[in-house]
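Quick note: the coordinates plus some simple rules give every number you see, no bench work behind them. In this text, all values refer to a predicted model and were calculated from it rather than measured experimentally. So basically every Cβ, Gly included, is an ideal-geometry build from the backbone, and we count neighbours across all protein chains shown.
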Amino acid sequence: MRHTVRQLDERGAFTLIELIAVMVVVAILAAVVTPSFTSASEAKRGVGARLLAVDLNYARQRALASGVTAWVTIDLGNDQWTLLEDDPATPGLTDALTLEKVTGVGPWIVDLDAMGLDGVDLTAANFDGGVSVGFDWLGKPRTTAGGALAADGVVTFAGGHTVVVRADGGVVETP
């Protein structure tokens, strides 16, 4: 059996067919890889929304267990939120104390960028016009003025993920 070896011309150039074949392979690889990047960032936004929902539920459960109002304050500019609890001597969000993390190390401030969720952005928070929600000893959501939420509270992440606190009972959902 005889093998033939293709001889390049004196310029060492590729043929048009070879260049087109390489471009087709690159296009196929790009088509396969691009959705992976898109779904990865979408998954990160979903993780951010679920993490907020867990912390809102924790604040509600803590208020139910302790009888002391627990708060979650959203910081849109820094893509973070803080869990607080009423100071029994001076109830209300103004004098609330930042909770310690369950691990006992540091204040309960969740910074999405510091957690490796950079690119997961909080775009809006609305709890009857404010960015904070409290849960009373019955687990009912409260405004910063102390009244019951008049409408469901919603926190929105870039990409459309939302976390909803139901006004009628404080149930937290990620629709």
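If you stretched the chain out fully between Leu97 and Gln61, how much longer would it get, using 0.36 nm times the residue separation minus the C-alpha to C-alpha distance?
11.3 nm
Rounded to a whole number of µm²/s, how large is the Stokes-Einstein D of region 117-175 at 10 °C and 1.306 mPa s, given Rh as the Kirkwood radius over C-alpha pairs? Before the final figure, lay out each step's value.
Working: Rh = 11.8 Å.
After rounding, the answer is 135 µm²/s.
If packing is taken as the average count of other Cβ atoms within 10 Å, what order do 118-124, 55-61, 21-27, 91-97 fall into, highest mean first? Please list the in-between numbers first.
Numbers: 118-124: 16.3, 55-61: 20.9, 21-27: 10.4, 91-97: 14.7.
Most protected by this proxy first, the peptides run 55-61, 118-124, 91-97, 21-27.
Given R₀ = 41 Å, what would the calculated FRET efficiency be for Arg50 paired with Val25, taking r from the Cβ atoms and rounding to 0.05?
In this case the efficiency is close to 0.60.
Could you grab the relative contact order for region 23-175? Cα pairs under 8 Å, six or more apart, rounded to a whole percent.
23 percent.
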